[in-house]
Every structure is written in structure tokens, then in C-alpha cells.
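A quick write-up on the structure given underneath.
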Amino acid sequence: MNYPVAIKNVSKSYRKVKALSNISFEVNKGELFGIIGPDGAGKSTLFRILVTLLKPDEGEAFVEGYNVVNQFKEIRKIVGYMPGRFSLYQDLSVEENMNFFASIFKTTVKENYHLVKDIYSQIEPFKTRLAGKLSGGMKQKLALSCALIHSPTVLFLDEPTTGVDAVSRKEFWEMLQRLKQQGITILVSTPYMDEAGLCDRVALIQNGEIMEIDSPEGIIGNYTKNLYKVKTDKMFEIINDLRDYQYTDTAYRFGDSIHFTSKQENPDSDELLSYLQGKGHDNVQINEIKPDVEDCFMALM
Amino acid sequence: MRTIIYILQKEFLQIFRNRTMLPIIFIVPILQLLILSYTATFEIKNVDLVVVDMDQSMESRDLVGKFKGSPFFTIKDYTFSYMEAEESLKTGHADQILRIPLNFSKNLERSKEAAIQVTTNAIDGSAASLVNAYAMSIIMDFNKNIVVQDLGLSGDPEPIKITSSFWYNPELDYITYMVPGILVLLVTIIGMFLSSMNVVREKEIGTIEQINVTPIKKYQLIIGKLLPFWIIALFELAFGLLIARLVFNIPILGSIGLIFFVAMIYLLVVQGLGLLVSTMTNTQQQAMFISWFFLVIFIMMSGLFTPVESMPIWAQYINKANPIAYFIEMIRMIMLKGSLLQDIQKPLMALGIYATISLTLATWRYRKVA
């Protein structure tokens, strides 16, 4: 089986800092594959190796069967890459950027218009505007359009939703779902755990190592502990109080509440309730909840 | 080939859209040419002279009169105190002191020999030697008259008469001499600065990442990057030559086609160097600083301001690696002397080799895969 993306024991260091250590995984054809991890986890380094901008120190990586080191020319013809930093020409207009990137791939915007229609039609009214003058969400749509215009078989999107508003993020993921239906394999990296659920499979990455690769459901399914959401009147003190609690396994902030797991085999929420009330917390709410990917990530750390 | 055209299109679009670069490319060089050609002159007029005439004789007044009559000297002050004269030299009110000691005329009559003292402010060395030379020629002239009058020699006092004439620039006009050199500077700045900055800019703003993940080949990108400034520099040379001819009325004796041929090869050298600089730097600031460092050395050693022949031997060897020196030498030969291709064969060959080396090295350094 020839995977669109296959990585075998890849390591990469910058001087003494190990950016990636012994990474291996495969991505299936037509899959929307998420690489989820905090800033500095090694996501961009991995992407830069796959799009042939960096050479791995050890191991091998293949894109559509081509080796990233000695067959980089082939890879550059068939992949679409959207770097984490906006990398189009800010002093060229939307239209000029599109035409330029189409022409250097020996195609035209017209020829592949059907591929980008969904996305490009949203920014087409502003096609004479300079790319540097677009809003964040529009820049991202333009970058995706430019990465798609030559009809790539694999799309690499490095943190495409970082710094983009919530509505645009949602729209962007809907666009990715539609692209997936056209058979394009998509690798997307993101620091946002809530986006993991939108991928077919995700790899959780931390400090250059992959902690787990599975479908979002699978990752959540592996989470066996009872997870509680705790809220009280005094949210400022609660985290310290919980950490002093004898049965606390983990306790971390999650939005406006605390996610809590217990060391007890069968956790007793009533005991926790009385402990917190004893510490002077009022209106204590303790609810057992289903974990999401972020909880799994925290548990793996 | 079509890819190169697309890159060229993009480059020209960006160059002409850049509101700050455009005037720098087109207006600044013209201003430079107009201003520098008039100001970068070695002629020194209005040397402020302080006269200390202790003798007050006919002869001494005669000598002072000769200085007074010279267009180069303005007599600022007469004094009897050498200390006072020295003070005005120190404060910068005077450039030169002429001191005629007591008994000047007596000694001249008695022993046919007399001494005078000339003191020159040499803060600016090259100016001082010129001022000194002017003073010497006046004193020599005076001396000659004394010999004729007092010794009663008739006819020509000098058995061998030296007359000099300056070829290719008969009036030793500094503008004629400077303009070709300044044209070279203009072309160099466009070629080296702008090309290196343009390549680094793509690195700095990150667009090179996107470009690298495309099928664009190394040579296509390099040609696409260098060709626009090659064309602009040649265009500017044409414009500069037009100004040289129309405004400064400088004779262009040789073939204009040959000037352009030399410029075309020369530009490859400096663009190759510019590209080399861009491969070693990551920001426009770094690129500018390094280019500037080399440019200053090249310009100072080029023979534009001081003759190469008067430099120490080791410096003359270093100058063999100075492309500006070759180009200035050739453009002066073609414009002022009407030299033909066979006359400039040697320096042209050197430039050709230089172009090959610098471009090869730069292309080799410019690796697409990090």
C-alpha cells in the first residue's frame, strides 16, 4: 500500500535542540489528518521536512511515494503548502497572486477554477486589492486558494487557523471537509485542541515526540478515568485547594471551570464536595463529564 | 522559458508598484550625477593666504604681487608676526602662510640666493599638495624673472624648455574626468545593492518558502531576479550618458555600443556579487551593510578619486579583484580616448572571467534545499 504520506523514524535537531525525535506515521489517501500540539512541539519542522524545505537528520519520509530528500523536485509539483506565516506577495493584488502561482505551475486560474471556486469566490469581489491589505480571514482564504490552484494531491496546512476569528475558523474547517470530498489528502497542524474533533485522525505531538495517533473518538475512548467538571464561587483559590486534596490526580483550568480526576478507584464526588465546602467554597457544582481531546492530551503529558 | 517570463512580469510589477523604491531607482542617480560631477573636483580656488613680509623690499612686494594676481590665491591678511600668522592657520582662517624673511632682497643681490618659507595646512593631504604646487609654480616663475633681469642674461634662461600638453582631456577638465566614473557608480549601486536586497527581501518576508515549494528551478529564479535590475541599470546608463553629453558636453569619442557591451558584462559581475551577499544574509539590513562595506573599498580603490598607479604595490594587486577599477578604466578609455574593442581586450577578459566566477559561486551558494 502506497500511502500519500509516510514517515519513518524521522529525527531533526537544531544544534542542541531536538525538534523531532523518531517520528513515524502514515496518512491514508483522502484523509484529513490533524497534527495537534502546543507551540514549539515540532509541528512546523515536520511540515517543512515533508514539503522538502528541510532535510531530516535521520529517517526517511515519503510523499506520494517520492523521497523528500532526493526526489524533492517531484514532490514540489504535486503538493500544496500553506506556511504558518502568510507568505504571499503583499504588494501584489489577490488576482495577481493567484495568476502568478497558477502560471509557475504551468496552469491557469481558469483551468482549475472548479477546485478553488468555493473559497476563491468569497474573496473574488476584492480581487484588485493588494494581498497585504486583506483581513486575516481573507488572507487565509487567498493562501489556501493559491495552495490549491495547481490541483495538488496532498495539501499541507501549517497552523492555518492561528490568529483567525472563530467564525472564519469554522468556515475554514467546512472548506477542508469539502476539499476532502474531492479526494485530496490533507495534513493540517493546529494548536487548538477543539479542532481535533474535525479531523479523521489526529497525532498528538509534544516536545518532538508523538504521544498518540488515533481517530478523535479512539483517543477519547482510550480515556478511562472519570472526569469531573468543578465550579464554585471562588475560582481563584480553587486550583490550590484542589491540589492540596489528598485524592487529586489532576486538576487544571478548562475555560471557566476546573477539570478534575481522582486517584480513587471509584471516586466519591460527595467527599470532594464536603472537602471544598470545608475550605469555604460556596455554590459548588461537581458534574461528571465526557472527556474531549484536550483532556486526553493533558492526561498524556 | 515561460516560467522566467512570469517571474519577470511579477518582479517588474513589484518594482514599479513600490512607491519608495521607484524614486530611488530613477531620480536619485540623476541627482547624484548632477551634484557629484560639479562637486567632486580637485581644483582648488580661493586659497586663503597670510603674508608675512619682513623685508618690505621691491622684490618681496613683487613676489606678493604675483600671488595676488593668481586666480588661486586670495590674500587674507598681511602681518609682521609669524606667530600671528600661525594662529590664523590654526584657527582655520588661513590655508597657507608665505613668509619672506628680512634681508630677502639683500641676499638675493649679494649671494644670488635667498630663502622664503611656505607653510601649508595639510589636514586635507591632497588639497595641501595641490596648494603647495600652485605656490611653487608662482615662486618658480618669480625666480625665472629674477634670473633674467638681474643676471642680465638675454634670451632664454632655460636651455631646455619643457612644455606639456594633456592628451585626451586637454584642459584637464575635472568634469570630463569624473562623469564617466560617476556613471560607473550609478550602475554599480543598481546592480549590486538592489539585486541583493531584492533576493533577501523574499527571505525576510517569508515568500521564499512558498516559492521554494513550487517547480521553479534555481536558475529560473536567479534569472528572474537579476534580469530586471540588469535592464534597469543599462537603461540608467543610457540616461546618464545622455546627460553627460547634453548637460556636461562630454565628448564620447568611442562607440556607445562598446560602452554598453562592457556594462553588460560588468553588471553580471556586480550582480553575481550581490547575489552572493544575499545568500549569506537573512535581512535587507545585513545585505545592505555588507554590500556597502565592499562598495566603499571598491570605490576608494577604483581610481575614481586617486590614481591606482600611486597606490602601494600590494594594493594594486588587490585592485585586480576590483571590478569597479576595470570598468572605470575602460569607460574612460572608450569615452575620452575612443578606444576600440582590441584596446580594452585585457580588462574586458578579466571582467568576463570575474563574471563567470561570481555568478557560478553565487548560484552554487544559492541552494534551494537548506
Next item on the list: Within the stretch A:181-191, identify whether any single residue is in a loop (DSSP other than H, G, I, E, B) and either out of contact with any strand residue (DSSP E or B) (no Cβ under 8 Å at 6 or more places or on another chain) or free of Cβ contacts under 8 Å to residues at least 12 places away in the same chain (or both), and answer yes or no.
Entry: yes
Next item on the list: Kindly establish whether B:Phe261 is under 21 Å from the mean Cα position of the chain (by Cα) and in the same structural domain as B:Leu237 (by TED's automatic domain parsing).
Entry: no
Next item on the list: Report yes if some residue within the stretch B:193-206 is among the aliphatic types (A, V, I, L, M), assigned by TED's automatic domain parsing to the domain that holds B:Ser291 and more than 27 Å from A:Arg48 (Cβ to Cβ); otherwise report no.
Entry: yes
Next item on the list: Considering only residues that are of a type in the set (Ser, Thr, Tyr) and closer than 16 Å to B:Leu13 by Cα, look in the stretch A:76-118 and name the one that is farthest from the other protein chains (Cβ to nearest Cβ).
Entry: A:Ser93
Notebook entry, point to check: Of (1) surrounded by fewer than 19 Cβ atoms within 10 Å (Cβ to Cβ); (2) more than 10 Å from chain B (Cβ to nearest Cβ); (3) charged (D, E, K, R); (4) touching a residue at least 12 places away in the same chain (Cβ under 8 Å), A:Lys12 satisfies all except one. Which?
Noted result: (1)
Next item on the list: From the list B:Ala115, B:Ala122, B:Ala135, pick out the single residue that is of a type in the set (A, V, I, L, M, F, W, C), closer than 15 Å to B:Lys66 by Cα and modelled with pLDDT of 75 or more.
Entry: B:Ala135
Checklist line | Members of the stretch B:99-146 that are part of a helix (DSSP H, G or I) and more than 18 Å from B:Arg61 (Cα to Cα) | finding: B:Arg110, B:Gly125, B:Ser126, B:Ala127, B:Ala128, B:Ser129, B:Leu130, B:Val131, B:Asn132, B:Ala133, B:Tyr134
Next item on the list: Quick one: in the stretch B:233-249, of everything that is within 27 Å of B:Arg2 (Cα to Cα) and surrounded by fewer than 20 Cβ atoms within 10 Å (Cβ to Cβ), which residue is modelled with the highest pLDDT?
Entry: B:Leu234
Item checked: Residues (crowded, with 16+ Cβ neighbours inside 10 Å and within 13 Å of B:Val47 (Cβ to Cβ)) located in the stretch B:89-108 -> B:Leu89, B:Ala94, B:Asp95, B:Gln96, B:Ile97, B:Leu98
Check: Would you pick out the residues in the stretch A:31-41 that are at pLDDT below 90 and not aliphatic (A, V, I, L, M)?
Finding: A:Gly37, A:Pro38, A:Asp39, A:Gly40
Margin query: Being assigned to a loop (DSSP other than H, G, I, E, B) and of a type in the set (A, V, I, L, M, F, W, C) is the filter here; which residues of the stretch A:242-301 pass it?
Written below: A:Val284, A:Met301
Note to self: Just the residues that are modelled with pLDDT of 90 or more and acidic (Asp, Glu), please, taken from the stretch A:175-208.
What the structure shows: A:Asp200
Item checked: Residue within the stretch A:253-266 that is surrounded by 17 or more Cβ atoms within 10 Å (Cβ to Cβ) and charged (D, E, K, R) present -> no
Margin query: With the requirement that a residue be over 14 Å from A:Tyr81 (Cβ atoms) and small (Gly, Ala, Ser), what does the stretch A:109-150 give you?
Written below: A:Ser121, A:Ala131, A:Gly132, A:Ser135, A:Gly136, A:Gly137
Next item on the list: Determine whether A:Ile35 is within 14 Å of chain B (Cβ to nearest Cβ) and surrounded by 21 or more Cβ atoms within 10 Å (Cβ to Cβ).
Entry: no
Next item on the list: Scan the stretch A:156-175 residue by residue and report those that are aliphatic (A, V, I, L, M) and either under 27 Å from A:Arg76 (Cα atoms) or in contact (Cβ under 8 Å) with a residue 60 or more places away in the chain (or both).
Entry: A:Leu157, A:Met175
Checklist line | Criterion violated by A:Lys16 - all others in (1) more than 26 Å from A:Ala143 (Cα to Cα); (2) at pLDDT 90 or above; (3) more than 22 Å from the chain's Cα centre (by Cα) satisfied | finding: (2)
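Each row is one residue, and each column tells you yes or no for (1) touching a strand residue (DSSP E or B) at 6+ places or on another chain (Cβ under 6 Å); (2) within 17 Å of B:Gly257 (Cα to Cα); (3) in contact (Cβ under 8 Å) with a residue 12 or more places away in the chain; (4) of a type in the set (Lys, Arg).
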{"site": "B:Met300", "(1), (2), (3), (4)": "no, no, no, no"}
{"site": "B:Gln316", "(1), (2), (3), (4)": "no, no, no, no"}
{"site": "B:Asn322", "(1), (2), (3), (4)": "no, no, yes, no"}
{"site": "B:Lys337", "(1), (2), (3), (4)": "no, yes, yes, yes"}
Check: A:Asp295 fails exactly one of the following numbered conditions: (1) more than 26 Å from A:Glu212 (Cα to Cα); (2) surrounded by 14 or more Cβ atoms within 10 Å (Cβ to Cβ). What is the number of that condition?
Finding: (1)
Notebook entry, point to check: Tell me, which residue of the stretch A:48-69 that is facing another protein chain (nearest Cβ under 10 Å) and surrounded by fewer than 19 Cβ atoms within 10 Å (Cβ to Cβ) is farthest from A:Lys29 (Cα to Cα)?
Noted result: A:Lys55
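The values are calculated or read from the model by the stated rules, or taken from the named source; none is laboratory data. These numbers come from a predicted model, not from an experiment. Glycine gets a Cβ as well: all are built from the backbone with ideal geometry, and neighbour counts include every protein chain shown.
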